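The values are calculated or read from the model by the stated rules, or taken from the named source; none is laboratory data. It should be emphasised that the depicted structure is a prediction, and the values quoted were computed from it without experimental measurement. Here Cβ is always computed from backbone atoms with ideal geometry, including for glycine, and neighbour counts include all displayed protein chains. Keep in mind that these areas ignore ligands, DNA and RNA; they rest on the heavy atoms of the full protein, side chains included. Shrake-Rupley method; radii C 1.70, N 1.55, O 1.52, S 1.80 Å.
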Amino acid sequence: AQTVTQSQPEMSVQEAETVTLSCTYDTSENNYYLFWYKQPPSRQMILVIRQEAYKQQNATENRFSVNFQKAAKSFSLKISDSQLGDTAMYFCAFMNLRTGNQFYFGTGTSLTVIP
Amino acid sequence: GAGVSQSPSNKVTEKGKDVELRCDPISGHTALYWYRQSLGQGLEFLIYFQGNSAPDKSGLPSDRFSAERTGGSVSTLTIQRTQQEDSAVYLCASSFGRVSYGYTFGSGTRLTVV
């Protein structure tokens, strides 16, 4: 079974500072994808960044980057130059290529950006 | 449509009543998913539709839950004889082709059973 763990229920960061959200997962699979989703108060889940497990290079999307440590099964999200609009719930998710299309989500981290 | 549309946005129902939640996926998306998000929890997979294939119902928590997708487009999630533990946000998502690029989610239906 795949499990995704986010050990930080709540975090805060000063505007313009950098924050890192943690995620670990457990799987015996070798081919999979990892995702970070953002859920603002509007409830709509928005894809922030994705990482393919077979790629060693860490994914980057503008101010968002990941630190993917495959051996350690760790997938943290770094947000640089935090903005007020980054305030949201952040969910880490895992998808197993072999079994198909179901995503496994962590319990989320509530991030507050403080002006 | 431009995005995944869900209705109603909020629903309050009495315990024991049946409810129907609707999802209108992005036009052309062949795959549709339902997830449940309970307070303080992550998203829990419920059901998955892909084209004309038989749906993957492995996540439905009980036989009170059912879903259908008509014409490969709109989907309805039905909860019969609602219980208080059914209170949650129900999220629908759709995708086209390779789901490894991620889903597109709707804004969900917040269901409150009183």
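Looking across segment B:24-60, just one residue is over 10 Å from the mean Cα position of the chain (by Cα), within 13 Å of B:L111 (Cβ to Cβ) and buried (at least 16 other Cβ atoms within 10 Å of the Cβ), and that is B:Q37. Only one entry in A:S74, A:S28, A:S42, A:S82 is touching a residue at least 12 places away in the same chain (Cβ under 8 Å), among the small types (G, A, S) and surrounded by fewer than 18 Cβ atoms within 10 Å (Cβ to Cβ), namely A:S74. Only one residue in B:I26, B:I79 is more than 10 Å from every other protein chain (Cβ to nearest Cβ), among the β-branched types (V, I, T) and under 30 Å from A:Y54 (Cβ atoms), so which one is that? Going through B:I26, B:I79 in turn, just one is more than 10 Å from every other protein chain (Cβ to nearest Cβ), among the β-branched types (V, I, T) and under 30 Å from A:Y54 (Cβ atoms): B:I26. Taken over segment B:23-65, the criterion of being in a strand (DSSP E or B), modelled with pLDDT of 95 or more and of a type in the set (D, E, K, R) is satisfied by B:D24, B:R36.
In the set B:K11, B:K17, only one residue is within 29 Å of A:L111 (Cα to Cα) and modelled with pLDDT of 95 or more; that residue is B:K11.
Selection over segment B:67-80 of residues that are under 22 Å from B:S9 (Cβ atoms) and open to solvent by 10 Å² or more (accessible area, probe 1.4 Å) gives a count of 9.
Applying a threshold of 7 Å to beta carbon distances and a minimum spacing of six or more residues, or different chains, the list of pairs starting in segment A:97-115 at a residue that is more than 13 Å from B:G42 (Cβ to Cβ) and ending at one that is among the β-branched types (V, I, T) and open to solvent by 60 Å² or more (accessible area, probe 1.4 Å) is empty. Evaluate segment A:89-102: report whether one residue or more is more than 14 Å from chain B (Cβ to nearest Cβ) and either open to solvent by 10 Å² or more (accessible area, probe 1.4 Å) or closer than 17 Å to A:T5 by Cα (or both). Checking segment A:89-102: not a single residue is more than 14 Å from chain B (Cβ to nearest Cβ) and either open to solvent by 10 Å² or more (accessible area, probe 1.4 Å) or closer than 17 Å to A:T5 by Cα (or both). Out of the residues in segment B:81-101 that are part of a loop (DSSP other than H, G, I, E, B) and of a type outside the set (G, A, S), which is least open to solvent (accessible area, probe 1.4 Å)? Of everything passing the filter in segment B:81-101, B:T82 is least open to solvent (accessible area, probe 1.4 Å). Among the residues of segment B:5-23, those identified as more than 10 Å from chain A (Cβ to nearest Cβ) and either closer than 16 Å to B:F105 by Cβ or among the charged types (D, E, K, R) (or both) are B:S5, B:S7, B:K11, B:E14, B:K15, B:K17, B:D18, B:E20, B:L21, B:R22, B:C23.
Of the residues making up segment B:1-22, just one is of a type in the set (S, T, N, Q) and assigned to a loop (DSSP other than H, G, I, E, B), namely B:S9. When segment A:1-25 is filtered for residues that are more than 19 Å from A:T107 (Cβ to Cβ) and either touching a Pro at 6+ places or on another chain (Cβ under 9 Å) or buried (at least 17 other Cβ atoms within 10 Å of the Cβ) (or both), the ones remaining, listed by number, are A:V13, A:Q14, A:E15. I'd like the residue in segment B:1-20 that is of a type in the set (D, E, K, R) and within 13 Å of B:V114 (Cα to Cα) and, out of all such residues, is surrounded by the fewest Cβ atoms within 10 Å (Cβ to Cβ). Among those that are of a type in the set (D, E, K, R) and within 13 Å of B:V114 (Cα to Cα), it is B:E14.
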